[in-house]
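The values are calculated or read from the model by the stated rules, or taken from the named source; none is laboratory data. Because the structure is a prediction, the values reported are computed rather than measured. Positions of Cβ are generated from backbone atoms using ideal geometry, with glycine treated the same way; all protein chains shown enter the neighbour counts. Calculation scope for accessible area: heavy atoms of the full protein, side chains included, ligands and nucleic acids excluded. Shrake-Rupley method; radii C 1.70, N 1.55, O 1.52, S 1.80 Å.
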Amino acid sequence: MENKMSWTVGDAVDYKGFPADKSKTGGWVCAVMILGIEICERLSTMGIAVNLVTYLIGTMHLPSSASANVVTDFMGTSFLLCLLGGFLADSFLGRYKTIAIFAMVQVLGTGALAVATKLSQLRPPPCHANEVCKQASGFQMGILYIALYLIALGTGGLKSSVSGFGTDQFDEKDEKEKSQMAYFFNRFFFFISTGTLMAVTVLVYIQDAVGRSWGYGICSASMLIAVFIFLAGTKKYRYKRSQGSPVVHIFQVIAAAISKRKMDLPYSVGSLYEDTPEGLRILHTDQFHCLDKAAIIREGDFDNMSGSGPNPWKLCSVTRVEEVKMVVRLLPIWATTIIFWTTYAQMITFSVEQASTMERSIGSFQIPAGSLTVFFVAAILITLAINDRFIMPLWRKWKGKQGFSSLQRIGIGLVLSTFGMAAASMVETKRLSVSKTVDRNTEILPITVFWLIPQFFLVGSAEAFIYTGQLDFFITQSPKGMKTMSTGLFLTTLSFGFFLSSFLVSVVKKVTSNTNEQGWLADKINYGRLDCFYGLLAILSVINFVIYVICAMWLKPKTPPKIGVQMETIKASSTEEIC
C-alpha cells in the first residue's frame, strides 16, 4: 500500500477523478503539449499587435493617434481579461476546460480577422497621393472590433491558466519533479520569446508581402492544431482540485471587516478567530488593523446554512485576514510598474509608425516596419544571457547572493525604460529635422531605420528585468493559495499600462491641438511633435521611479509579532495605519 501511495500525487487526480499515477500522468510530455498553446497564443497576439497600426493607418485610413489607441485598447483588454479567465478557472471550469474553451475562442477571433481583412467590402477604397482618403465606416470598424476582442477574450482566458496548468504536471513534493518545474518556468519564458520572435519576423513578413488574411489565417490554423494536440493529452494530464476563488475570499474579509468597523479590537490577538491548521497559519502582523476586525467573534457569526463552521462573510480567520494583507502590500509595487508598460506600448504603436516613414532597405530586401520589434526579443535574450552568465556570478562573489532581488530587477528595468524614452525623443527630433529638409508628405524619408535600435533595445532590456522581477515578486510575496490571482494581478499592470497610454494619447491630442495646428500627435506623424510626447513619458518615468523607490523601502520585510501580543501595543501605533 505504501509503495502504491508513493506513486500517486497527493493533491492531483487523473481525468477519471482518481489519484494521479506518477508513472502514467504529468511530466514533460504533458507540459510540452500545453506549451504549444502558449506559442500559438503569442504568435497570434503579438503578430497582430505589432503590425496592426500600419493596417489601421494605411488601409483603414484612421488618424495616427486613433490607430495607436485601437492597438493599446486591444492589448489592455487582453491582459485585463486575464482576471476573468483566472476567476472562471478557479471557481467553475478548472484550468483544463478554461484553456480548451478560450483557445477555440481565439481560433474564431483570428479566423474572423482573416475574413475581415480579405473582403473588400469590409475596408474603405484605397487612395493615392494627394487624394482625400475615405475613413473606414462604423460597420467596417465594428466587424474589425468584433474579431479583435474575440482574440482578446481568448488571450485573457489562456494566459491566466496555461502556466498554472503546466506546473500542475509536476509534483512539488518530489525533488526530481520539483527541479523539472523550475526548468519549466525557464522554458515557459523561452516559448513566449519564441512565439514573439516568429510573430515579429515570419508572420509580419507574410502579412506585408503575401497578405493580411494569409497571416491571420496561419494564426487561426496553428492554434487549431495546438488545440487538437492539447486535447490529445487529456488522459495523460494531472488535474488539481479547485480550492475556490481567492477573489471571493478577499471580498469576504472586506465584507466582514466593514460590518464590524465600529467594534473595538480585543485586548489580545489570541482572542481573534483562527481555525487554520497550525502548520498552515500565517502570524498576525502589525499593519492594516481595520482588516483585523474581520476576525472578531460576535454573536450570529456561526449562523451558517451548511452548519460546518462560521459564515465566511461574517467571520474570517486571522490567516485569511493576513492573506488579504499580503495582497494589499503588493499594490504599491503594482501601481508603480504600470508606467513601464505605457512606455512599452509606444514601441508597438508610434515606434512602428516611425519605422514605416524611414529607409528600411537592405539591398533589394525591405524590412517590414513591424519587424523592427525583433530588437525587443534580441534585447530580452541578450539581457537574460548576460545576466545569467556574467552579472549573477559576479553578484554572488561580491554580495554572496544568488542575484538581483525582484525589487532590484524592477528598479533596473524602470531606469532602463526611462533612458529608452529619452533616446526615443532624441531620435524623433533627428527624424523630424530630416522631414523638414524634404517634402513632409514624402512616404520614405532619407534616414535609416536603424536609428530606432537604441529605443527598442533599451526598452527590450528593461522588459527582461521588469517582467522576470514582477513575476518573481508577485508569486513569492503572495499567499500560497492566491498564486493564480497574484499572477493575474501582475498581468493587469500590462493592461493598465496600455489603457494609460490610450488615456495620455487622448489627453495630449486634445490639449496640444488647436484650430491651426494638429499638436504633438498629428494625424500624419511628420507634422507632429512625437519627440515632445516621448519626452513627457521620460519625465513621468523619472517621477514614477522616485515613488517606486519610496514604496520599495516601505515594503522591507518586518518581523511579525507572535500570537499573544497585546492589542494595546497595536493600538498605540494606530496613527501609522494605512487603512
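For the stretch 151-177, which positions are more than 17 Å from Gly86 (Cα to Cα) and in a helix (DSSP H, G or I)?
Scanning the stretch 151-177 gives Glu175, Lys176, Glu177.
Is there a residue in the stretch 233-241 that is basic (Lys, Arg) and part of a strand (DSSP E or B)?
Within the stretch 233-241, one or more residues are basic (Lys, Arg) and part of a strand (DSSP E or B).
Which one is modelled with the lowest pLDDT among residues in the stretch 1-11 that are open to solvent by less than 80 Å² (accessible area, probe 1.4 Å) and either under 18 Å from Gly94 (Cα atoms) or outside any helix (DSSP H, G or I) (or both)?
Gly10
Quick check on my filter: what residues within the stretch 156-171 are closer than 14 Å to Gly36 by Cα and either polar (S, T, N, Q) or open to solvent by less than 10 Å² (accessible area, probe 1.4 Å) (or both)?
Leu158, Ser161, Val162, Ser163, Phe165, Gly166
Filter the stretch 543-567 down to the residues that are assigned to a loop (DSSP other than H, G, I, E, B) and open to solvent by less than 80 Å² (accessible area, probe 1.4 Å), then identify the one that is modelled with the highest pLDDT.
Leu555
Can you tell me which residues in the stretch 498-524 are touching a residue at least 60 places away in the same chain (Cβ under 8 Å), in a helix (DSSP H, G or I) and buried (at least 18 other Cβ atoms within 10 Å of the Cβ)?
Passing the criteria: Phe498, Phe499, Leu500, Ser501, Ser502, Leu504, Val505, Lys509.
Please find, among Val374, Val352, Val321, the residue that is at pLDDT below 90, in contact with a Leu (Cβ under 9 Å, 6 or more places away or on another chain) and open to solvent by 10 Å² or more (accessible area, probe 1.4 Å).
Among Val374, Val352, Val321, only Val374 is at pLDDT below 90, in contact with a Leu (Cβ under 9 Å, 6 or more places away or on another chain) and open to solvent by 10 Å² or more (accessible area, probe 1.4 Å).
Among the residues of the stretch 12-20, are any open to solvent by less than 10 Å² (accessible area, probe 1.4 Å) and under 21 Å from Ser502 (Cβ atoms)?
Scanning the stretch 12-20, I find no residue that is open to solvent by less than 10 Å² (accessible area, probe 1.4 Å) and under 21 Å from Ser502 (Cβ atoms), so the answer is no.
Can you pull out every residue in the stretch 401-439 that is surrounded by 15 or more Cβ atoms within 10 Å (Cβ to Cβ), basic (Lys, Arg) and more than 25 Å from Phe474 (Cα to Cα)?
Once the filter is applied, which keeps residues that are surrounded by 15 or more Cβ atoms within 10 Å (Cβ to Cβ), basic (Lys, Arg) and more than 25 Å from Phe474 (Cα to Cα), the stretch 401-439 yields only Arg431.
Here is a check on your reading of the model: is Val71 touching a Ser or Thr at 6+ places or on another chain (Cβ under 6 Å), open to solvent by less than 40 Å² (accessible area, probe 1.4 Å), within 22 Å of Thr194 (Cβ to Cβ) and in contact (Cβ under 8 Å) with a residue 40 or more places away in the chain?
It is false that Val71 is touching a Ser or Thr at 6+ places or on another chain (Cβ under 6 Å), open to solvent by less than 40 Å² (accessible area, probe 1.4 Å), within 22 Å of Thr194 (Cβ to Cβ) and in contact (Cβ under 8 Å) with a residue 40 or more places away in the chain.
Of all residues in the stretch 53-66, which are at pLDDT 90 or above and part of a helix (DSSP H, G or I)?
Within the stretch 53-66, Tyr55, Leu56 qualify.
Quick check: is even one residue across the stretch 39-46 more than 18 Å from the chain's Cα centre (by Cα) and either in contact (Cβ under 8 Å) with a residue 60 or more places away in the chain or open to solvent by less than 20 Å² (accessible area, probe 1.4 Å) (or both)?
No, the conditions are met nowhere in the stretch 39-46.
Starting from the stretch 356-378, keep only residues that are within 18 Å of Leu56 (Cβ to Cβ), then list their pairs with residues that are modelled with pLDDT of 80 or more and part of a strand (DSSP E or B) whose Cβ atoms are within a distance under 9 Å, requiring at least 6 positions of separation or different chains.
Correct list of pairs: Thr357/Leu445; Thr357/Ile447; Ala369/Met358.
Which residues, taken from the stretch 87-110, are more than 18 Å from the chain's Cα centre (by Cα) and within 17 Å of Phe228 (Cβ to Cβ)?
Tyr96, Lys97, Ala100, Ile101, Met104, Val105, Val107, Leu108, Thr110, listed by residue number.
Quick check on the stretch 473-481. Is at least one of its residues basic (Lys, Arg), at pLDDT 90 or above, part of a helix (DSSP H, G or I) and over 14 Å from the mean Cα position of the chain (by Cα)?
Looking for residues that are basic (Lys, Arg), at pLDDT 90 or above, part of a helix (DSSP H, G or I) and over 14 Å from the mean Cα position of the chain (by Cα), one finds none in the stretch 473-481, hence no.
Tally up the residues in the stretch 111-143 that are exposed (fewer than 11 other Cβ atoms within 10 Å of the Cβ) and assigned to a loop (DSSP other than H, G, I, E, B), please.
Matching residues across the stretch 111-143 total 6.
Output the number of the condition that Ile192 fails; it satisfies all remaining conditions of (1) surrounded by 19 or more Cβ atoms within 10 Å (Cβ to Cβ); (2) at pLDDT 90 or above; (3) β-branched (Val, Ile, Thr).
The failed condition is (2).
Just one of the numbered conditions (1) surrounded by fewer than 23 Cβ atoms within 10 Å (Cβ to Cβ); (2) within 20 Å of Met347 (Cβ to Cβ) is not true of Pro479; which one?
With (1) surrounded by fewer than 23 Cβ atoms within 10 Å (Cβ to Cβ); (2) within 20 Å of Met347 (Cβ to Cβ) applied to Pro479, the lone miss is (2).
Kindly check whether there is at least one residue in the stretch 404-424 that is part of a helix (DSSP H, G or I), more than 29 Å from the chain's Cα centre (by Cα) and either closer than 21 Å to Val53 by Cα or without any contact (Cβ under 8 Å) to a residue 12 or more places away in the chain (or both).
Within the stretch 404-424, not a single residue is part of a helix (DSSP H, G or I), more than 29 Å from the chain's Cα centre (by Cα) and either closer than 21 Å to Val53 by Cα or without any contact (Cβ under 8 Å) to a residue 12 or more places away in the chain (or both).
Does Leu108 fit the bill of being open to solvent by 60 Å² or more (accessible area, probe 1.4 Å), modelled with pLDDT of 90 or more and either touching a helix residue (DSSP H, G or I) at 6+ places or on another chain (Cβ under 6 Å) or not in a helix (DSSP H, G or I) (or both)?
Yes, satisfied.
For the structure I just gave you, tell me whether Asp472 is among the charged types (D, E, K, R), touching a residue at least 60 places away in the same chain (Cβ under 8 Å) and open to solvent by 50 Å² or more (accessible area, probe 1.4 Å).
Yes.
Out of everything in the stretch 355-371 that is open to solvent by 10 Å² or more (accessible area, probe 1.4 Å) and closer than 15 Å to Leu530 by Cα, what residue ends up being nearest to the chain's Cα centre (by Cα)?
Applying the filter and picking the extreme gives Ser356.
Just need a number here: residues in the stretch 271-318 that are among the β-branched types (Val, Ile, Thr) and at pLDDT below 85.
Residues flagged as among the β-branched types (Val, Ile, Thr) and at pLDDT below 85 within the stretch 271-318 amount to 3.
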